[in-house]
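Every number in this text was worked out from the coordinates using simple rules, so none of it is lab data. Predicted model only: the values in this text are computed from it and were never measured. Don't worry about glycine lacking a Cβ; one is built from the backbone with ideal geometry, like all the others, and counts go over all protein chains shown.
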Amino acid sequence: MDSTDVLIVGGGVLGCATAYYLACRGVDVLLIERGVVNREASGANAGTLHMQIPAFHFRSQYLESSIFAQRQGDFRTTIRAKRIVVVAGAQTRQVMGLFGLDLPILPHPLQVMVTVPQAPLLRHLLQHAGSRHLSLRQTQSGTFLIGGGWPGFEPADRRSSSRVEVTYRSLLANAAVAIDVVPALSDVPLIRAWAGMTSSTGRWNRVGFIGEDRRAGQRKLFVVVAGGWGFTLSPVLGRLAAELVVEGSASLDIEPFSLERAVARM
């Protein structure tokens, strides 16, 4: 039987950042992930850092730190933990259901596509909102990453397919917006498209929810759910989560995104 002080459920960027900050504080921490680390929303998005966090520092510090020990394989065991931090993204409601609890979190399937490499053309990230959903940038290898919140398709029976599927309707509409904004893309072939399941915490909340769920008792269960800016804010949310677990409070004002407020709205 494994035992740990803090058990983290979820191996995306947010879960890894939370584990990193807890380990840096000397906390005995164990992270579990049902599949492959960084494969779900953290690995399926377009990799956009909305606030221009240096990408190299972001990736090397939180996903490749030598502070982690990794164990892989299909294994089942009992784990004893004094405290649990749920950072399971779109699967958070399912995990919370194991405790007989619920949260106002909606799964949101999104898709992204990529073109063949082209000569340098676009130096900046382009984004459109409203009726022209678009996220467009050119990578260092010359490919164009095209997204913007266009929906993918979630199979009715997730047991038959663990992955969210791409829809041609979203591909065509997303490509049309991209070509309208950058006409030079009209003759550029696509080489791949993929979809992933993200989480939504409300139309006006792009940060998410963070806090202790006292419905499970005092200082036993903590939940962190990222909103639309999860890929960018995960390092910050992970640090705040570690502070909550260790110190009982956060160094930043998290009241507008508190778990108590989310539960009260249900």
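As a footprinting exposure proxy, order Leu259, Leu172, Leu190 by other Cβ within 10 Å, with the fewest listed first.
Leu172, Leu190, Leu259
Once the Cβ-Cβ distance of Arg192 and Cys24 is raised to the sixth power relative to R0 = 41 Å, the FRET efficiency obtained is 0.65.
Would you mind calculating the gained length between Leu121 and Arg80 on full extension (0.36 nm times residue separation, minus the Cα-Cα distance), in nm to one decimal?
9.4 nm
Summing charges over neighbours of Val177, with a neighbour being any other residue whose Cβ is under 15 Å away from its Cβ, gives +2 when K and R count +1 and D and E count -1. Relative contact order for the stretch 95-148: 33 percent, from Cα pairs under 8 Å spaced at least 6 residues apart, divided by residue count.
Under the simplified labelling scheme, the Lys220-Arg34 pair shows an inter-label distance of 2.3 nm, with each label point 7 Å from Cα along Cα→Cβ. Length gained on full extension, Asp180 to Leu106: 23.5 nm, using 0.36 nm per residue less the C-alpha separation. Near Asp5: Cβ cut-off under 15 Å, other residues only, Lys/Arg at +1 and Asp/Glu at -1. The net charge is +3. A cut-off of 5 Å between modelled amide H atoms, ignoring neighbours fewer than 5 places along the same chain, links Asp213 with Leu221, Phe222, Val223. If the chain linking Glu255 and Tyr168 were pulled fully straight, counting 0.36 nm for each residue of separation and taking away their Cα-Cα distance, it would gain 27.2 nm. The value of relative contact order for the stretch 109-196, using C-alpha pairs under 8 Å at least six residues apart, is 37 percent. Positive contributions from Lys and Arg (+1) and negative ones from Asp and Glu (-1), summed over other residues with Cβ under 12 Å from the Cβ of Val114, come out at +2.
Each of Trp150, Trp194 has some number of other Cβ atoms within 10 Å of its Cβ, and from fewest to most they run Trp194, Trp150. Counted by neighbouring Cβ atoms within 10 Å, the residues Met113, Met197 run from fewest to most as Met197, Met113.
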